[in-house]
1. Show me the strands (runs of 3 or more DSSP E) found entirely inside the range 203-290 where at least 1 residues are modelled with pLDDT of 95 or more, farther than 25 Å from residue 78 by Cα and of a type in the set (Gly, Ala, Ser).
2. For the range 46-65, what are the residues that are surrounded by fewer than 23 Cβ atoms within 10 Å (Cβ to Cβ), touching a strand residue (DSSP E or B) at 6+ places or on another chain (Cβ under 8 Å) and over 18 Å from residue 27 (Cα atoms)?
3. May I ask you to verify whether residue 268 is over 30 Å from residue 118 (Cα atoms) and surrounded by 16 or more Cβ atoms within 10 Å (Cβ to Cβ)?
4. I need the helices (runs of 4 or more DSSP H) fully contained in the range 91-198, keeping only those with at least 3 residues that are hydroxyl-bearing (Ser, Thr, Tyr) and out of contact with any Cys (no Cβ under 9 Å at 6 or more places or on another chain).
5. What are the pairs, 6+ residues apart or on separate chains, where a residue within the range 245-268 that is over 21 Å from residue 217 (Cβ atoms) has its Cβ under 7 Å from a residue that is exposed (fewer than 14 other Cβ atoms within 10 Å of the Cβ) and among the aromatic types (Phe, Trp, Tyr)?
6. With the requirement that a residue be among the aliphatic types (A, V, I, L, M) and either without any contact (Cβ under 8 Å) to a residue 40 or more places away in the chain or surrounded by fewer than 19 Cβ atoms within 10 Å (Cβ to Cβ) (or both), what does the range 73-109 give you?
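The values are calculated or read from the model by the stated rules, or taken from the named source; none is laboratory data. Being a predicted model, the structure only gives us computed values, none of them experimental. Heads up, the Cβs are rebuilt from the backbone with ideal geometry, glycines too, and the neighbour counts pull from every protein chain shown.
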Amino acid sequence: MKTIIPISFLFTLQLFFAQDLPAYQIYNSKGKPVSFEKMAAAANGVDLVLFGEFHDNPIAHWLQLELTQRMYSVHQGNLQLGFEMFEQDQQVLLDAYLAGKLTDEQFKDTMRLWPNYATDYAPLVAFAKEKKLSCVASNIQRKYASLLFKKGRTALDTLPESVKAQMAPLDFKFDTTLTQYQSMKAMGAHMGPGAGWRMVEAQAIKDATMAHFILHNPWRKPETVHLHFNGAYHSDFYQGIMWYVLQDKPEHNILTISTVSQDNIKKLDAEHLGQADFIICVPANMTSTH
């Protein structure tokens, strides 16, 4: 006997699934909801994508992998990945792993990997390894940014030239008027005289170093498209890394992505308008990866 399913039941079923809890919503800079497909298409039309993440947010990491795959489908071997999570002195080890000269265990044992590497960044590196994409360890060693914070920029002058080569040139510009840096200065003001600006300058050398190695690495060619993964604060409001890239290459076409969290993701809060070209809004109670 043929079973007839009432249309009313199908409608109710459709409504039930439509009301599932949304895990994210992407907005443009003006707060208009947009699709992942639109964001991916825009990313495929620029020289550099700065993907600002929350380091412990699984939605951002999943979308990073999805975007990498979409960009590879267009650019193939001209796609290059960059990582705040790897420091420049680790570049040799990263290259060796991508070339198959280190096992997974050797890579894990010799690299200073973040606690969430296995869940959040290993899939990106594995994809790069499979597709033979170059990857850039773009960040300064944490201990040298800390040295700058504690003793000032002149403390870096005494470092060996081999170490200085792993960071931005020490005469890097420092724009104290950038709103992101102003906010950071205010946060560090309680740490004592001058500490606020030293904290900001320590942030600035990270931004400057990441920008430097995005633009100046051995694998970069005129046709290279670079997809860089960094904490959102390093590129929010078109500052940080982007500001330094444009000091060096003002003609560079750059797209920024940010991640924000809200209790209600159905509308982008006003404070996030203009934060990036595309803003991934995730629920504030989203599970963390670490």
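1. On the way: elements: 225-231, 254-262, 278-283.
Per the criteria, 254-262.
2. Residues satisfying the conditions are 46, 47, 55.
3. Details: over 30 Å from residue 118 (Cα atoms): yes; surrounded by 16 or more Cβ atoms within 10 Å (Cβ to Cβ): yes.
Here the answer is yes, as residue 268 does meet what is asked.
4. Numbers: elements: 91-98, 104-110, 122-131, 142-151, 161-164, 179-188.
Because the criterion is at least 3 residues that are hydroxyl-bearing (Ser, Thr, Tyr) and out of contact with any Cys (no Cβ under 9 Å at 6 or more places or on another chain), the helices (runs of 4 or more DSSP H) in the range 91-198 that meet it are 179-188.
5. That search, which allows pairs on different chains as well, returns nothing.
6. Initial filter on the range 73-109 (among the aliphatic types (A, V, I, L, M)): 74, 79, 81, 85, 92-94, 96, 98-99, 102.
Residues satisfying the conditions are 74, 92, 93, 96, 98, 99, 102.
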